[in-house]
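> First the structure, which I've put down as structure tokens, then a few questions once you've had a look.
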Amino acid sequence: MTDTNGIFVTGLRNAHAMENQALSIMKPQVERIENYPEVAQRLAQHIAETEVQIERLEQILEGFGESKSSLKDAALSLSGSMAAITHSMAPDEIVKNSFANYAFEHFEIAAYKSLLALSNQAGNSTATALLRQNLDEELSMAQWLDQNIEPVTLKYAALSESGQTAKK
Ligand code: MG
Ligand code: FE
């Protein structure tokens with residue numbers, strides 16, 4: 001394997017771990033939400049998309065002879081620096097999660113742009129098509145989160161003022 005191929009495969013493995021991390025961030029959130037059904041619905045949609053994204057990454061990695069069992073290790077060994085994004089103790093949990101999710105989607109966007117640079121350069125059209133689908137879903141989720149910051153903040157304030165459960 002050439003060096004650039006090695007960089008690409010390492011990037012794919014990191015993206016696979018990133019997507020498992022995404023699931024570990026979103027799944028607890030969606031289970032906790034009580035008063036923000038629009039957020040829960042969009043998170044549930046993106047969880048389903050993420051599961052397919054993982055399959056796309058595995059499909060590309062299989063082309064490089066990477067097995068699924070070796071990928072489990074990468075997911076488990078990932079640094080917890082960003083996985084620690086959980087705000088269940090905060091009174092404004094839903095608002096803080098909207099910031100964290102916005103940041104995470106942009107991390108994913110950058111990761112896919114980086115991988116696409118390599119797949120384009122290598123002329124790997126199969127990988128490019130699959131990575132482009134993942135990127136498009138991250139861009140769409142990031143756009144939704146961007147548009148949701150204002151309404152979720154105002155809803156949090158309104159629920160708080162009326163004495164209802166506002167945090168989640
Ligand atoms: Mg993703
Ligand atoms: Fe995402």
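> Restricted to segment 1-39, and to residues that are β-branched (Val, Ile, Thr) and part of a helix (DSSP H, G or I), which residue is most open to solvent (accessible area, probe 1.4 Å)?
My answer is 7.
> Those residues that are among the aliphatic types (A, V, I, L, M), more than 14 Å from ligand 2 (Cβ to nearest atom) and over 15 Å from residue 57 (Cβ atoms), I need them from segment 128-161; list them, please.
149, 152, 154, 157, 158, 159
The values are calculated or read from the model by the stated rules, or taken from the named source; none is laboratory data. Quantities reported herein were computed from a predicted structural model and do not represent experimental measurements. Glycine also receives a Cβ, built like all others from the backbone with ideal geometry; neighbour counts cover every protein chain displayed. Please note that ligands, DNA and RNA were not included when accessible areas were found on the heavy atoms of the full protein model with its side chains. Shrake-Rupley method; radii C 1.70, N 1.55, O 1.52, S 1.80 Å.
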